[in-house]
Amino acid sequence: MKHLLSTRDLDRATAIGILDVALDMAALGTRDVKKLPALRGKTIVNLFYEDSTRTRISFEAAEKRLSADVINFSAKGSSVSKGESLKDTAQTLDAMGIDAVVVRHSSSGAPHLLAHSGWLDVPIVNAGDGTHEHPTQALLDAFTLRESLFGDGARGKGLDGLNIVIVGDILHSRVARSNIWLLATLGANVTVVAPPTLTPPGIATWPVHLTHSLDDALAASPDAVMMLRIQSERMKAAFFPNAREYAKFWGLTAARYRRLGESTIIMHPGPMNRGLEISSEAADSPQSVILKQVTNGVFVRMAVLFTVLTGAKGDVNE
Amino acid sequence: MSSEILITGASLMGESTADILLRDGVIAAVGAKLQAPGAHVIDAQGLIALPGLVDLHTHLREPGFEQSETVLTGSRAAAAGGFTTVFAMANTNPVADNAGVVEQVKRLGDEAGYVSVRPIGAVTVGLAGETLADLGSMATSRAKVSVFSDDGKCVHDSLLMRRAMEYVKSFGGVIAQHAQDPRLTIDAQMNEGEVSSRLGLNGWPAVAEESIIARDVLLAEHIGSRLHICHLSTAGSVDIIRSAKARGVDVTAEVTPHHLLLTEELAENYDARFKVNPPLRTAVDVQALRAAVADGTIDIVATDHAPHPHDTKDCEWDQASFGMVGLESALPIVNTTLVATGLLTWSDVARVLSQAPAQIGSLDGTRTLSVGEVADVVLFDPSTSREWSTDDVVSRSKNTPFTGVTLAGSVVHTIRHGYLTVTEGVVVDEDVVAQAGGFHG
């Protein structure tokens, strides 16, 4: 695969291949010397047009563990307001002879443009674009699900038959989109729980079961529940009345957590709004894998960068 | 250039074959085997003769956005498309909300000489939707404004819309509404539906157009005013117009060529050439719009020619400009989508692209290629077909969405006021046209 732009176009074999490479990267993490020389001499640009601490640091850690040279480029706000277009920036990077770009952008489709507009000819990794996709997040979630549910037997496996519940602001969530496509590709049954105001139009044609009742979805004892971050500006735009009401109907409250069976793992892409979409009881519980997600994020991003830069076979997004 | 043009063997609006003699800016004779020694002869065997096309919805961008288009360059693009009259939208800078600006635009059009430029006046000052612009002064100015529109923005305030529709009755004007509920389309990027959800682009729901049209036809019915609706894009809008017309409401409606051909899936590669307002919709909408032109629910095809510089399209979708150029491709698209499909005859094409828009815009003349009419004629070859490219775009901006699409037919000659503005498919030189326009204008 040359680029990683979305999970929608990722085939099952390639996805499992990345997860298995990530397992190798994880094994490396237990050694004294955590660094691999795999990408020595390669220069990777982290092109971040949107604020992000955890994703950027996760990518940077992955790049450094693979011995790549790392350039961080942060641009607050849009490229247009900054005065240089995405095209000019891309062509500038190309002229500098860099080897790959990890891009986060508030505009949906910006990574697609970088990959397909002929502005530069290097692998592009989507680190989150607008409300479109966040494919490495979905891959690290899948990795964490495999690890939590299959343990040492994870290698080579999909997520066939697992029941996964995704809760919250599906409409604006690139994490939800990438997870929906990847989980379906890996064979999981996906249930989406959201207020109708935060449900994407046309979701009936997506490979998910939609319900507006979190209690019903949790009563079915799913294998995992993923809580999505709710952003405060959604309240001002009247997607729901107020934070208290959101937490009451759509939050993983302490009461809901206590009713949840021990076999359901709890996930969140972070950063969390404690007390809003998730209670501290749930977030800090033994069945929470939220910190494992962070740990695994580095391994999965190492696997993705390794795959796109060393030309591992199977073109994902072409 | 000779002041007489003899067109031989043309198919008059696709019906009878005849010669047409143009003299002193008018149609002097129509009939078989006309003789005119010394006349410039155009062999029009196999060509369809139509009255010069009238575009009720053009953005010429001047004053203020000359990097996109000027009255001159837009006029040339119009001539290339077979147009002899264009109505120029008011969203310039400064806005055409007073007599000074509309007179300037008209004068620039007269000087260029390719088409009659009829400025559209803004409904509200600065297109701000708050206070009425100088409607009467624009109507009685040398620009004789008869169509008023805040196009690009909706006259959203119900009371202001009512007052505007009532007030322009005093001088026979009409309000052309850009139907878009602003609250339902905050940061809207493309048609709302599964595709917008998948691409992560904010949706522009059909109901945001339909609810405004429904309101405005009710207002027009209540106060007994004329109303024109710009660029219908949805099947639901068609239903509302159809039922309003059945009740006798004095409403007219337009559709753009691009909404007759293109659908929302074109956004899938985030190529902003396909970003337009109202957005490309679904195949169901396209079929409903075509059927509505065929049954007369939609009165006219108008281009919404919207030039933009390359840089504002070669960027992230949500930061790109809305709009596409369309003057040059309008007649080939109408041919491809409506004539070749059997939905319209050439006589219908003369109606939707010339007679009806002229009537809505209060232009004189019947536009039936009859003796005594102004000599505005387009000769179209329906037998050719070609893959559209930016080379076919005459406009200063090249933001056509039709690159690579095979379109049927081409404009061969355009004649305005008895002189050629396009000959053998080539736009006539500026100096020649300006001189001819000055002589006859």
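The values are calculated or read from the model by the stated rules, or taken from the named source; none is laboratory data. Please read all numbers here as calculations on a predicted model, not as lab measurements. Heads up, the Cβs are rebuilt from the backbone with ideal geometry, glycines too, and the neighbour counts pull from every protein chain shown. Heads up: the accessible areas ignore ligands, DNA and RNA and are worked out on the full protein's heavy atoms, side chains in. Shrake-Rupley method; radii C 1.70, N 1.55, O 1.52, S 1.80 Å.
With the simple spin-label model, which puts each label point 7 Å out from Cα in the Cβ direction, the B:H40 to A:L149 separation comes to 7.7 nm. Select from A:H116, A:H172, A:H134 the residue whose mean-square fluctuation is largest in a Gaussian network model of chain A (Cα-Cα springs shorter than 10 Å). Top of the fluctuation ranking is A:H116. In this structure region B:51-360 gives 30 Å² per residue of accessible area when probed at 1.4 Å with all protein chains present.
Multiplying each eigenvalue of the alpha-carbon gyration tensor of chain A by 5 and taking the square root yields semi-axes of 32, 23, 17 Å, largest first, rounded to whole angstroms.
Multiplying the sequence separation of B:T140 and B:A32 by 0.36 nm and subtracting their Cα-Cα distance, what value in nm do you get? Kindly include the intermediate steps, with their values, before the conclusion.
Working: separation 108, 0.36 × 108 = 38.88 nm, distance 4.29 nm.
34.6 nm is the gain from fully extending B:T140 to B:A32.
Applying a threshold of 21 Å to the alpha-carbon distances of B:K144/B:K245; A:K87/B:K313; A:K157/A:K292; A:K87/B:K275 flags B:K144/B:K245 as lying beyond it.
Could you work out the Rg to Rh ratio of region B:51-360, with Rh taken as the Kirkwood radius (inverse of the mean 1/r over all Cα pairs)? Please report the intermediate quantities before stating the final value.
Numbers: Rg = 17.8 Å, Rh = 19.1 Å.
Radius of gyration over Kirkwood radius for region B:51-360 works out to 0.93.
Placing one equal scatterer on every Cα of region B:213-366 and applying the Debye formula, the log10 ratio I(q)/I(0) at q = 0.14, 0.15, 0.18 Å⁻¹ is -0.72, -0.81, -1.10.
For region B:51-175, the Kirkwood estimate of hydrodynamic radius, built from reciprocal distances between every pair of different alpha carbons, is 14.2 Å. A straight line joining the Cα centroids of region A:224-295 and region B:16-46 runs 79 Å.
Label sites at B:D24 and A:K236, each approximated as a point 7 angstrom past Cα along Cα to Cβ, lie 6.9 nm apart. The value given for region B:20-62 is a Kirkwood hydrodynamic radius of 13.3 Å, derived from the mean inverse Cα-Cα separation. Computed from Cα atoms, the angle from the helix B:430-440 axis to the main principal axis of chain B rounds to 80 degrees.
Between B:D391 and B:D429, the contour length at 0.36 nm per residue exceeds the Cα-Cα span by 12.0 nm.
Rounded to the nearest 5, what % of the DSSP beta bridges within region B:51-360 are antiparallel ones?
Numbers: 1 of 24 bridges.
So the antiparallel bridges in region B:51-360 amount to around 5 percent.
In the protein assembly as shown, helical runs assigned H by DSSP with n ≥ 4 each contribute -39500 (n - 2.57); averaged across all residues and rounded to the nearest 500, the mean residue ellipticity at 222 nm is -9000 deg cm²/dmol.
Volume per residue of the convex hull around the Cα atoms, evaluated for the protein assembly as shown, comes out as 161 Å³. For A:K42, the lysines whose Cα falls under 16 Å of its own Cα, not counting residues fewer than eight places away in the same chain, are A:K2, A:K64.
Kindly identify region B:23-93 as rounded, prolate or oblate by the Cα gyration tensor criterion: order the square roots of the eigenvalues as a ≥ b ≥ c, call it rounded if a/c is under 1.5, otherwise compare a/b with b/c, prolate if a/b is larger, else oblate. Working shown, then result.
Details: a/c = 3.09, a/b = 2.89, b/c = 1.07.
In terms of gyration-tensor shape, prolate.
Note on B:E166/B:V207: beta-carbon distance plugged into 1/(1 + (r/R0)^6) with R0 of 25 Å gives a FRET efficiency of 0.40.
The alpha carbon convex hull volume per residue for region A:63-161 rounds to 143 Å³. For the pair region B:336-352 / region A:33-64, the C-alpha centres are spaced 59 Å from each other. Could you give the angle, 0 to 90 degrees to the nearest 10, between helix A:86-95's Cα long axis and the longest principal axis of the Cα atoms of chain A? So the helix axis and the longest Cα principal axis differ by about 40 degrees.
Normalised by 2.2 N^0.38 Å, with N the number of residues, the alpha-carbon radius of gyration of region A:1-64 equals 1.29.
Taking amide H as placed 1.01 Å from N in the peptide plane, B:G64 has its amide H under 5 Å from the amide H of B:N93, each at least 5 places away in sequence or on another chain. For B:E66 and A:K157, FRET efficiency with R0 = 51 Å and r from the beta-carbon atoms, rounded to 0.05? With a Förster radius of 51 Å, E is 0.25.
Is region B:396-441 best put as rounded, prolate or oblate by its Cα gyration tensor, with a ≥ b ≥ c the root eigenvalues, rounded for a/c under 1.5, and otherwise prolate when a/b is larger than b/c, oblate when not?
Values: a/c = 3.45, a/b = 2.04, b/c = 1.69.
Since a/c reaches 1.5 and a/b is larger than b/c, the shape of region B:396-441 is classed as prolate.
To the nearest ten degrees, helix A:290-309 and the longest principal axis of the Cα atoms of chain A are 30 degrees apart. Other residues with beta-carbon under 13 Å from the beta-carbon of B:A128 carry, at +1 per Lys or Arg and -1 per Asp or Glu, a net charge of -3. Proximity of backbone amide H atoms, modeled 1.01 Å from N, is registered between B:G46 and B:S11 at under 5 Å, excluding neighbours fewer than 5 places apart on the same chain.
Region B:385-441 and region A:79-136 have Cα centres lying 38 Å from one another. For the protein assembly as shown, the residue among A:F143, A:A204, A:V103 whose Cα projects farthest onto the positive side of the dipole built from Cβ charges is A:F143. Tell me whether region B:284-441 comes out rounded, prolate or oblate; compute the Cα gyration tensor, take square roots of the eigenvalues as a ≥ b ≥ c, and use a/c under 1.5 as the rounded threshold. Note, shape of region B:284-441 comes out oblate. Overall size of region A:155-275 from C-alpha positions, given as principal axis extents largest first: 44, 33, 25 Å. With a 1.4 Å probe and every protein chain kept in, tell me what percent of the accessible surface of the protein assembly as shown is carbon plus sulfur. In the protein assembly as shown, the share of accessible area belonging to carbon and sulfur is 51 percent. Considering region A:89-230, its Cα convex hull presents a mean projected area of 10.0 nm².
Listed peptides B:190-203, A:276-289, A:12-25, A:251-264 appear in the order B:190-203, A:12-25, A:276-289, A:251-264 once ranked by packing, highest mean of other Cβ atoms within 10 Å at the front. In this assembly, the B-A interface accounts for approximately 1600 Å² of buried accessible surface in total, computed with a 1.4 Å probe and without ligands, DNA or RNA.
Fully extended, how many nm does the chain gain between A:T197 and A:D88 (0.36 nm per residue separation, minus their Cα-Cα distance)? The partial results should precede the final answer.
On the way: separation 109, 0.36 × 109 = 39.24 nm, distance 3.79 nm.
Full extension of this stretch gives 35.5 nm more.
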